[in-house]
Amino acid sequence: MLICYKQTEEKEDTEKERGDIMAENNTKELDFDRKHEEDLQRLRGLRLLDDDFMQKVFEDKACTEFLLQIILNRTDLKVLRVNGQQDIKNLQGRSVRLDILAVDAENRVYNIEIQRSDKGAGVKRARYNSSLIDANVTEPGEKYENLCESYVIFITENDIMKVGLPIYHIDRTVKETGELFGDESHIIYVNSQIKDESALGKLMHDFSCTDAKDMKYKILADRVRYFKEDEKGVATMCRAMEEMRNETARETEHAKAIKVAKGMLQSGKLSYEEIAEIAELSIDEVKALDEKVIA
């Protein structure tokens, strides 16, 4: 009887464990389904003015070429290569992610940024992006005269300059003469609020559309339709949104770790090694934080 009771008890434990595992799997499946449905809902509402969506659409070389031809009013412009979410570093090693980085047949470099927030499109941000491009396209020992011509282009949801113009071109000039400085470093702001019947106005209209059928330019409409209606395109966007969600979670956790490490550094009670272990950071990261705290 004792043996029989023990076997029954073990069987009940096994069934309970199996039930717990099934319940956990069901919860995970429901959570996945919920997130997937949320992604699909979000995807339906995305526009080219949303940088996550814009990056995928303009990874296509033909679309980027079309975009630049309209903004720069140059039909002869030919894009050789384009990268979305391009990471480039400053001299201190800090990484900055650019929405789109493209290079044309004349070796001109283009950084295209979408900004719905006025703060993110500030003049210092434009200057910073321009300097990063110069620093990253120059090889050690290369002559400054060989610097590539560069364009930093902000497509903004609002009129950053608040003058009511569709586009603003910024180039350095000699103050005393009014002549162009000629350093071939250009900054352009495109105001998406102007949606007239000009080529640029039609482009900005398309940037504001959530449905491909409402867009004016076929080349962009086809690309938008692919990511919103084609099975493979939708799957690509859902994967991209999942990756962005995971990256955001990692960045949040890292920010928390930085905050914890700074607090421990200020207390002065623990070694770099101990702080690194507790905060789950590298020792080099902790040392770098300590230098900033001291400064």
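Only residues that are outside any strand (DSSP E or B) and either within 18 Å of ILE133 (Cβ to Cβ) or touching a residue at least 60 places away in the same chain (Cβ under 8 Å) (or both): list them for region 74-89, please. Even if it seems obvious, please write down each step before you answer.
Looking only at region 74-89, we keep the residues that are outside any strand (DSSP E or B), and these are 74-78.
Within region 74-89, just LEU77 meets the criteria.
One residue alone among LYS195, LYS175, LYS218 is over 22 Å from ILE155 (Cα atoms) and without any contact (Cβ under 8 Å) to a residue 40 or more places away in the chain, and that residue is LYS175. Go through region 259-289 and give me each residue that's of a type in the set (D, E, K, R), more than 29 Å from the chain's Cα centre (by Cα) and surrounded by 10 or more Cβ atoms within 10 Å (Cβ to Cβ). GLU273, GLU274, GLU277, listed by residue number.
Scanning for something surrounded by 13 or more Cβ atoms within 10 Å (Cβ to Cβ), more than 28 Å from ASP52 (Cα to Cα) and of a type outside the set (Val, Ile, Thr), does region 241-258 turn up at least one residue? There is no residue in region 241-258 that is surrounded by 13 or more Cβ atoms within 10 Å (Cβ to Cβ), more than 28 Å from ASP52 (Cα to Cα) and of a type outside the set (Val, Ile, Thr). The combined condition, being of a type outside the set (Val, Ile, Thr), within 26 Å of GLU38 (Cα to Cα) and part of a loop (DSSP other than H, G, I, E, B), is not fulfilled by CYS238.
The C-beta contact set for region 270-285 (first residue assigned by TED's automatic domain parsing to the domain that holds LYS259, second residue assigned to a loop (DSSP other than H, G, I, E, B) and polar (S, T, N, Q), distance under 8 angstrom, 6+ apart or interchain) comprises ALA276/SER282.
Candidates are the residues of region 46-67 that are in a loop (DSSP other than H, G, I, E, B) and of a type in the set (Asp, Glu); the one that is surrounded by the most Cβ atoms within 10 Å (Cβ to Cβ) is ASP60. Is there a residue in region 243-252 that is assigned to a helix (DSSP H, G or I), free of Cβ contacts under 8 Å to residues at least 12 places away in the same chain and more than 22 Å from the chain's Cα centre (by Cα)? No: zero hits.
Scanning region 197-214 for any residue that is within 22 Å of the chain's Cα centre (by Cα), at pLDDT 85 or above and among the polar types (S, T, N, Q) turns up at least one such residue.
Would you call TYR217 closer than 30 Å to ASN73 by Cβ and in contact with an Asp or Glu (Cβ under 6 Å, 6 or more places away or on another chain)? For TYR217, the condition - closer than 30 Å to ASN73 by Cβ and in contact with an Asp or Glu (Cβ under 6 Å, 6 or more places away or on another chain) - is met. Kindly indicate whether ILE100 is assigned to a strand (DSSP E or B), at pLDDT 95 or above and crowded, with 18+ Cβ neighbours inside 10 Å. No: the conditions fail for ILE100. When MET237 is tested against (1) assigned by TED's automatic domain parsing to the domain that holds ILE71; (2) buried (at least 17 other Cβ atoms within 10 Å of the Cβ), exactly one condition is not met: (1).
Restricted to region 121-136, and to residues there that are of a type outside the set (Ser, Thr, Tyr) and touching a Ser or Thr at 6+ places or on another chain (Cβ under 8 Å), the residue that is modelled with the lowest pLDDT is ALA121.
The values are calculated or read from the model by the stated rules, or taken from the named source; none is laboratory data. All values reported here derive from a predicted model rather than from experimental measurement. Positions of Cβ are backbone-derived with ideal geometry, glycine not excepted, and every protein chain shown enters the neighbour counts.
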